[in-house]
Amino acid sequence: MKRRVLAAGIALTLGMTATACGGDSGDKAEGGSTDGKGKTLTVWIMEGTNPDAKPFFAEAAAAFKKKTGATVKVEYQQWATAQKKFTTAIEGGPKQVPDVAEVGTTWVPQFAATGGLVDVSAEVEKSGLSDDLVEGLKDAGTLDGKQYGMPWYAGVRSVLYRKDVFEKHNLKAPTSWTELQAAAKTLKEKEPKMVSFPVAGGAEMYATTFIWGAGGELATEQDGKWKSAINSPEAVKGIQFYTDLAKKDKVSPAKVNTWTEKEVGDAWKAGEVAMSISGNWTPKAFTDANPDLKDKLGAVPMPGPDGGMSRSFLGGSYLSTFKGENQKLAFEFVKLLTTGEFASKWAKETNYFPGQNSELEKIAAAKDPLVEPFATQMLEAGATVPKTKAYGEIQASQVVTGMIQSILNGKMGVQAAADKAAKDMDAIFAKSE
């Protein structure tokens, strides 16, 4: 059986207003009470793809202290190194882990399997939130019927492009791979100072959309066991097309071979990119950083090889609580951030999608052209990586990005690189069984 998660119930706009939360579930539950007087919660929040979150968390911490008496200490972590830091902390026991942390949806299975995360299913149910969570996001953080946190925000990647540059050269937004390739080649010729379409070797989720678009899978599950599929003919077709954009069509210069999404974003902010794969949260971030880009950006869903849509990674972040003496108090902070006033503030500041159906349906009539294409992508062609603890280690080992970079750097051919990646993935799957 092949597994993938498609988002459901996504409205075509982003809007959030206050959502009522139920009362707490009593101070006698495991993990202490919700009285925070004299206590300090340690909170780990990722940085690198989000806007400056410090003012937001300063306000949230003040509100939480007023409500509970607890002090909130926020420590900011880098995505690139956070996974290993989490693993080390979990191995060190309750004194080493944070009380609350932003955890990528692809990491939840790995951390839950270690026993480090708290099952908050009962708390979510008592708060009246369970039936309102976006199913695809809820599922991403649920294993064996146990929910390990609250969906905080979600994102999906589609194609972002410079409308002004496209109009200047009479180009239309691509609706197929052939059109994407043709537009990128034209932009390379007409706008030599810009990166027409970055083939970013350090951005895993750029490559996966071409694997999925060609009909491939990263891995498949049969009778509870996972096996890599990244070297299948379909997957190889997608990898070949993606890397050929750089190697044969030269639409992406060599300096991009090791770029992560952060470097692509930096280039966008500097006005150096004409078109790229990009997340729904990025248009606002780019225009905030470079006001000259205002009204110059357009977006379309990730095109399929012959039209339609390629699947694109639907992911985001959970706010999860870790086992320790402050579990109940920690979940109160999670509720504060994921519902109501602060959920609304975060959505407006970041342009991420919320994790609650009721919030997604609030302003469905306002069809924002920089929101609707991403929402359509999320609704109709969102996908996720294999839901197994092993995939966290695969990501930490940079198997996919290593494969792409070996091709871009000329060290291996596409099939050979895909075969090596499959072998590395299968070794990790076997070790985790």
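The values are calculated or read from the model by the stated rules, or taken from the named source; none is laboratory data. Since the model is a prediction, treat every value here as computed from it, not as a measurement. Glycine also receives a Cβ, built like all others from the backbone with ideal geometry; neighbour counts cover every protein chain displayed. Ligands, DNA and RNA are stripped out before the accessible areas are found, and what is left, the full protein with its side chains, is counted by its heavy atoms. Shrake-Rupley method; radii C 1.70, N 1.55, O 1.52, S 1.80 Å.
Kindly provide the set of residues from segment 64-113 that are at pLDDT 95 or above, part of a helix (DSSP H, G or I) and either of a type in the set (Val, Ile, Thr) or under 19 Å from residue 149 (Cα atoms) (or both), ordered by number.
Correct list: 64, 68.
Could you please find all residues in segment 160-184 being β-branched (Val, Ile, Thr) and in contact with a helix residue (DSSP H, G or I) (Cβ under 8 Å, 6 or more places away or on another chain)?
Result: 165, single match.
Please find, within segment 280-294, the residue that is most open to solvent (accessible area, probe 1.4 Å) out of those that are part of a loop (DSSP other than H, G, I, E, B) and within 21 Å of residue 379 (Cα to Cα).
Filtering first and then ranking leaves 281.
Could you tell me which numbered condition residue 186 fails, if it satisfies all but one of (1) more than 17 Å from the chain's Cα centre (by Cα); (2) touching a residue at least 24 places away in the same chain (Cβ under 8 Å)?
All conditions pass for residue 186, except number (2).
What tally of residues in segment 387-416 results from selecting those that are crowded, with 23+ Cβ neighbours inside 10 Å and out of contact with any Ser or Thr (no Cβ under 8 Å at 6 or more places or on another chain)?
Number satisfying all stated conditions: 3.
Please determine, by comparing only the residues of segment 99-115 that are buried (at least 23 other Cβ atoms within 10 Å of the Cβ) and farther than 14 Å from residue 391 by Cα, which one is farthest from the chain's Cα centre (by Cα).
Filtering segment 99-115 for residues that are buried (at least 23 other Cβ atoms within 10 Å of the Cβ) and farther than 14 Å from residue 391 by Cα, the one farthest from the chain's Cα centre (by Cα) comes out as 99.
Just give me the residues in segment 344-357 being more than 18 Å from residue 123 (Cα to Cα) and either crowded, with 23+ Cβ neighbours inside 10 Å or not acidic (Asp, Glu) (or both), in sequence order.
Of everything in segment 344-357, those that are more than 18 Å from residue 123 (Cα to Cα) and either crowded, with 23+ Cβ neighbours inside 10 Å or not acidic (Asp, Glu) (or both) turn out to be 344, 345, 346, 347, 348, 350, 351, 352, 353, 354, 357.
Out of 314, 337, 297, 319, which single residue is touching a strand residue (DSSP E or B) at 6+ places or on another chain (Cβ under 9 Å), closer than 27 Å to residue 179 by Cα, surrounded by 23 or more Cβ atoms within 10 Å (Cβ to Cβ) and aliphatic (A, V, I, L, M)?
Every option except 314 fails the conditions.
Filter segment 64-80 for residues that are touching a residue at least 24 places away in the same chain (Cβ under 8 Å) and out of contact with any strand residue (DSSP E or B) (no Cβ under 7 Å at 6 or more places or on another chain) and give the result.
67, 68, 69, 80
All but one of (1) of a type in the set (Gly, Ala, Ser); (2) more than 17 Å from residue 200 (Cβ to Cβ); (3) open to solvent by 10 Å² or more (accessible area, probe 1.4 Å) hold for residue 304; which doesn't?
Here residue 304 clears every test but (3).
Looking only at segment 190-204, which residues are outside any helix (DSSP H, G or I) and open to solvent by less than 50 Å² (accessible area, probe 1.4 Å)?
Of everything in segment 190-204, those that are outside any helix (DSSP H, G or I) and open to solvent by less than 50 Å² (accessible area, probe 1.4 Å) turn out to be 191, 194, 195, 196, 197, 198, 199, 200, 201, 202, 203.
In segment 350-377, what residues are modelled with pLDDT under 80, part of a helix (DSSP H, G or I) and not hydroxyl-bearing (Ser, Thr, Tyr)?
Across segment 350-377, the qualifying residues are 357, 359, 360.
Which one is surrounded by the most Cβ atoms within 10 Å (Cβ to Cβ) among residues in segment 237-274 that are among the charged types (D, E, K, R) and in a loop (DSSP other than H, G, I, E, B)?
Ranking the candidates gives 249 first.
Looking at segment 205-236 only, could you name the residues that are in a helix (DSSP H, G or I) and without any contact (Cβ under 8 Å) to a residue 40 or more places away in the chain?
211, 233, 234
Step by step: first the residues of segment 147-189, then only those that are in a loop (DSSP other than H, G, I, E, B) and among the polar types (S, T, N, Q), then the one that is surrounded by the most Cβ atoms within 10 Å (Cβ to Cβ). Which residue is that?
Filtering first and then ranking leaves 175.
Just checking, which of 344, 317, 312 is among the polar types (S, T, N, Q) and either closer than 22 Å to residue 36 by Cα or in contact with a Lys or Arg (Cβ under 7 Å, 6 or more places away or on another chain) (or both)?
312
Restricting attention to segment 280-292, does a residue exist that is hydrophobic (A, V, I, L, M, F, W, C) and within 24 Å of residue 189 (Cα to Cα)?
no
In segment 114-134, which residues are assigned to a loop (DSSP other than H, G, I, E, B) and touching a Gly at 6+ places or on another chain (Cβ under 8 Å)?
118, 120, 127, 128, 129, 134 - these are the residues of segment 114-134 that are assigned to a loop (DSSP other than H, G, I, E, B) and touching a Gly at 6+ places or on another chain (Cβ under 8 Å).
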